Structure formats: C-alpha cells, structure tokens
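The values are calculated or read from the model by the stated rules, or taken from the named source; none is laboratory data. Keep in mind it's a predicted model, so treat the numbers as computed, not measured. Methodologically, a virtual Cβ is constructed for each residue, glycine included, from the backbone with ideal geometry; neighbour enumeration extends over all protein chains shown.
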Amino acid sequence: MEFLKNHALDFLSYARLLLRDGRYNLSLFSLEQALQLGLKYYISKLTGSFPKTHDVVDLLKRIIELTGNKKLKEILDAEIPTLNFADICESSRSPKRAHDLILDLNQELCGVPRVP
C-alpha cells in the first residue's frame, strides 16, 4: 500500500506550493487529500486494508481505536471540533494552520520530522 503514502506525500508537496502561491482553496483541498491518504496508509499498515471512507474524523477515530494513541485523541479533540475537515479549514482555520495540523498528525503517527 505504499502508493497511499506516495500519493499523500505528493499532495502535501503540491499543497505547499499552492499555499506559497496564495492559492488557498486548492491548497486546502490538497491538504485534505494528503491527510486522507496518509491516514488510510497508516490504517493499512495496522490492518492490511483501508476503509473506503473519505471522512478524516472517522479515519482518525479508527486509528485511535486500533492504537489507543492518547496524543492523537488530544489532537482530534483540540483541533477538529466538527465532523468535516473542509468545513473547519474554510470557516475557522487558515490554510497555514491546516498545513501545521497535518504535519502534527504525520509526526505523531509516523514519526515524520516536522519540516515546514
């Protein structure tokens, strides 16, 4: 399932370019794709398959169920107060904050160093 990880990293790189160029809506879309694919990759490493949902919160909750990761639960509770990631980004979070949130999640889940 390495393709999930590779696509997630590609979307994250693309989101950074879009963010730098001030194309915030497309940056947010790419960030959400990066997050979805990264979470699915993580689940596939734990279970051998991945859910077909696109709901980021459902994916995060599934990982919390599988791992009991308390830090991830704290991130979920603090940073994602509604059930739709896109709504959060559009209404109350800047694209930079969404980018930072995804970096925080990647670091917590995969030990990926936080590179801005």
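Summary table
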quantity: Helices (runs of 4 or more DSSP H) within the range 8-93 that include 3 or more residues at pLDDT 90 or above and under 15 Å from Asn106 (Cα atoms); calculated: 24-47, 56-67
quantity: Cβ pairs under 8 Å, 6+ apart, first in the range 55-74 and in contact (Cβ under 8 Å) with a residue 12 or more places away in the chain, second charged (D, E, K, R); calculated: Val56/Glu32; Leu59/Lys40; Ile64/Lys73; Asn69/Glu108; Lys71/Glu108; Leu72/Glu108
quantity: Residues of the range 28-76 satisfying the condition of being over 20 Å from Lys5 (Cβ atoms) and of a type outside the set (A, V, I, L, M); calculated: Lys61, Glu65, Gly68, Lys70, Lys71, Lys73, Glu74
quantity: Residue in the range 41-58 that is among the small types (Gly, Ala, Ser) and crowded, with 16+ Cβ neighbours inside 10 Å present; calculated: yes
quantity: Selection from the range 38-77 of residues that are small (Gly, Ala, Ser) and over 16 Å from Ile102 (Cα atoms); calculated: Ser44, Gly48, Ser49, Gly68
